[in-house]
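Note sheet for the following structure.
The values are calculated or read from the model by the stated rules, or taken from the named source; none is laboratory data. Here the structure is a predicted model, which is why all the values come from computation and not from measurement. Here Cβ is always computed from backbone atoms with ideal geometry, including for glycine, and neighbour counts include all displayed protein chains.
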């Protein structure tokens, strides 16, 4: 009789552990959903530099892109460092028009100026590549150029969908 009782108790214990494990998995599922929401919010709260770094790492580029200094940003874009609180710009070599430029502008007026500078940069690149590398015109004629609040994001790549997803 003791063996039978022990077997019943062991079976009950195993069933109870299974029930607790099921509850625990449900709690983890809820936490995972919360983590996903937190990750989406974290992406929405990224700085210009963080967004540029994600565009750089998560999109495949034909060319090797290199980060440029604030002095080069001013030279290439005509955007002085007093117009933004954070920025990161990556440019490719002379063979492609691939480029990433992300800015957190100092204010709304600066954001408008930065967007206009990005549009001018795109127009300049169109003129530069139209005769010697017309294949790059696809990127330039359909650029990702997004303004969100006081932030301006530009990405010239072969993967506009991915760039838009990263920018949000």
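Can you tell me which residues in region 92-114 are within 14 Å of residue 136 (Cα to Cα) and in contact with a strand residue (DSSP E or B) (Cβ under 8 Å, 6 or more places away or on another chain)? Passing the criteria: 92, 97, 98, 99. Restricting 107, 86, 82 to those that are in the same structural domain as residue 156 (by TED's automatic domain parsing), free of Cβ contacts under 8 Å to residues at least 60 places away in the same chain, over 17 Å from residue 59 (Cβ atoms) and touching a helix residue (DSSP H, G or I) at 6+ places or on another chain (Cβ under 6 Å) reduces the list to 86.
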